[in-house]
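**Student:** Dropping a structure here in structure tokens format, bear with me for questions.
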Amino acid sequence: MSSAEQFKIQIIPSFKDVNAADWDQLIANGSSAHPNPFVTHAYLSALEESGSACVETGWLGQHLLLQDKEDRLLAALPCYLKNHSQGEYVFDHGWADAFERAGGRYYPKLQCSIPFTPATGPRLLTGSGKNSNEYRAILANGLKQLCTRHKVSSAHITFLPQDDWQALGQHDFLLRIDQQFHWQNSGYEHFSNFLETLSSRKRKNIRKEREAAAAIEGIEFEWIEGGDITQKIWDVFYEFYLDTGSRKWGRPYLTREFYSLIGKNMPQQIVLIMAKRNGVYIAGAINFIGDNCLFGRHWGCSEFHPALHFEICYYQAIEYAISHKIGRVEAGAQGEHKLARGYMPVTTHSAHWIENPGLKDAVANYLRSEREHVKMESKLLAAHGPFRKT
């Protein structure tokens, strides 16, 4: 029996069209108490239902479901038809400009990612069975066919694991790398154990920053886990998010309802790290838990204080990870300033299918040069890391 007879691909516009339990069984990870939070049905459907990632904001769901003859879900790929490149964190604006100056049409395109979320995690959701490689190939070919069906320029799969990235390279996808900065937990019992691994200068600087944050008059820090986050606390945190989002992106991506939905549907994977001064919340950051990782996402404040951002987003996150025996902390996109605070360069991966031969060749040439630059920069940064030389 041929693959065409065994399987079928269905395209759905909404996560309402797939059973949550069926979807989540594709991402279950037996080695971790919680799966990657951003590919769960709860997170993706919250983005959609809240009006954060939907057709009105330029994210039209075109999610691929691989099913057998009995309509059982075997694999999936979250995918969106987009007419812009906002909220992606893997930048292709230059490709779009060059193609359109040459007379082409870059938009719409297909984007296989988690909206507004620069965190590595599974994209080709194939479960844990022995047929993963076969399912990957079918999803990759299905994505190409979807490009042809919609007559779009390209398809982009971003922040995917290295094994999926390598597999897509065998299916005519162009391969791209970039870097982020992650903190690794080497089995520390206390924050002081981590400090002991750093060079004297870096250790002294971190202590000074933490002392500056602790010296803010009336300051105290709280870890508020999902089940204890009230709607009033969400209201306060959303104001922090709006302040940061309006300054960074011009228009914040997420709606207030998004936070209520994730607080209700995935509380066990959320922790707010909040700062309170004289009994009033003045700053906070939201973190997600899964895949033995603490993912730091949005931060904001109503008062500026030196070192407060570093304390909440980096040092308190490290403290939480150590306390809960979490293997690493990912603190979001970019940020070489994280290096001095114990976050080391880590390679991120994306894969791109481009239909036009001329554009494809031009991008391929660019990516070859870019990959070498990223590798060299990562080596240089790692060589100047904050840890003691042994």
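FYI, it's all coordinate maths here, none of it is from the lab. Treat the numbers as computed from the prediction; the structure is a model and nothing was measured. When we count neighbours, we look across all protein chains shown, and the Cβ atoms used for this are built from the backbone with ideal geometry, even at glycine.
**Student:** Search the structure for amide H atoms under 5 Å from the amide H of His34, placed 1.01 Å from N in the peptide plane, and list their residues when 5 or more places away or on another chain.
**Tutor:** The answer is Asp291, Asn292.
**Student:** Now for a different question. Can you pull out the trypsin sites (Lys or Arg not before Pro) in the stretch 262-341 whose DSSP state is coil and whose Cβ has at most 16 other Cβ atoms within 10 Å?
**Tutor:** Lys325
**Student:** So what's the gap between the Cα centers of the stretch 177-240 and the stretch 77-97, to the nearest angstrom?
**Tutor:** After rounding, the separation between the Cα centres reads 32 Å.
**Student:** Under 27 Å between alpha carbons: how many lysine pairs meet that in the stretch 182-343, if sequence neighbours fewer than 8 apart on the same chain are excluded?
**Tutor:** 18
**Student:** Kirkwood-based Rg over Rh for the chain (C-alpha set), two decimals? Kindly include the intermediate steps, with their values, before the conclusion.
**Tutor:** Details: Rg = 21.6 Å, Rh = 22.2 Å.
My calculation of the ratio gives 0.97.
**Student:** For the stretch 182-343, what log10 I(q)/I(0) values come out of the Debye formula at q = 0.09, 0.11, 0.14 1/Å, with one point per alpha carbon and no solvent?
**Tutor:** For the requested q values the scattering log ratios are -0.28, -0.43, -0.71.
**Student:** Another question about this same structure. If amide hydrogens are placed 1.01 Å from N in the peptide plane, which non-local residues have theirs closer than 5 Å to the one on Ile216?
**Tutor:** none
**Student:** Quick one: which residues, 5 or more positions from Gln179 or on another chain, have an amide H under 5 Å from its amide H? H modelled 1.01 Å from N in the peptide plane, none for Pro or chain starts.
**Tutor:** Thr348
**Student:** Let me ask you something else. Check the straight Cα-Cα distances from Lys16 and name the lysines below 16 Å, setting aside those fewer than 8 residues away within the same chain.
**Tutor:** Excluding near neighbours in sequence, the set is empty.
**Student:** I've got another one for you. Rounded to the nearest 5, what is the percent of antiparallel bridges among the DSSP beta bridges in the chain?
**Tutor:** On the way: 57 of 63 bridges.
Counting only bridges with both partners in the chain, antiparallel ones make up about 90 percent.
**Student:** In the calculated pair distance distribution of the stretch 75-187, what percentage of Cα-Cα distances lie above 25 Å?
**Tutor:** Details: 1588 of 6328 pairs.
Within the stretch 75-187, distances greater than 25 Å cover 25 percent of Cα pairs.
**Student:** Taking θ as phi - 60°, what are the ³J(HN,Hα) couplings along the stretch 10-20 by the Karplus curve (6.51, -1.76, 1.60), each to the nearest whole Hz, with x for Gly and Pro?
**Tutor:** Those phi angles translate into 10, 9, 10, x, 9, 6, 5, 8, 9, 5, 4 Hz.
**Student:** Using the Karplus curve 6.51 cos²θ - 1.76 cosθ + 1.60 with θ = phi - 60°, work out ³J(HN,Hα) for each residue of the stretch 372-386 in order, rounded to whole Hz, and write x for Gly and Pro.
**Tutor:** 5, 5, 5, 4, 5, 5, 4, 5, 5, 5, 4, 5, 10, x, x
**Student:** Give, in nm to one decimal, the length gained when the segment between Ala212 and Ser199 is fully stretched (0.36 nm per residue of separation minus the Cα-Cα distance). Write out the running numbers ahead of the final one.
**Tutor:** Working: separation 13, 0.36 × 13 = 4.68 nm, distance 2.01 nm.
That pair, Ala212 and Ser199, stretches by 2.7 nm at full extension.
**Student:** With θ set to phi - 60° and the Karplus curve 6.51 cos²θ - 1.76 cosθ + 1.60, what are the ³J(HN,Hα) couplings of the stretch 78-93 in order, to the nearest whole Hz, using x for Gly and Pro?
**Tutor:** x, 8, 9, 8, 10, 10, 7, 10, 7, x, 10, 6, 10, 8, 10, 4
**Student:** What percentage of all Cα-Cα pairs in the stretch 1-149 are separated by more than 22 Å? Could you put the intermediate results ahead of the total?
**Tutor:** On the way: 4683 of 11026 pairs.
In whole percent, the share of Cα-Cα pairs in the stretch 1-149 beyond 22 Å is 42.
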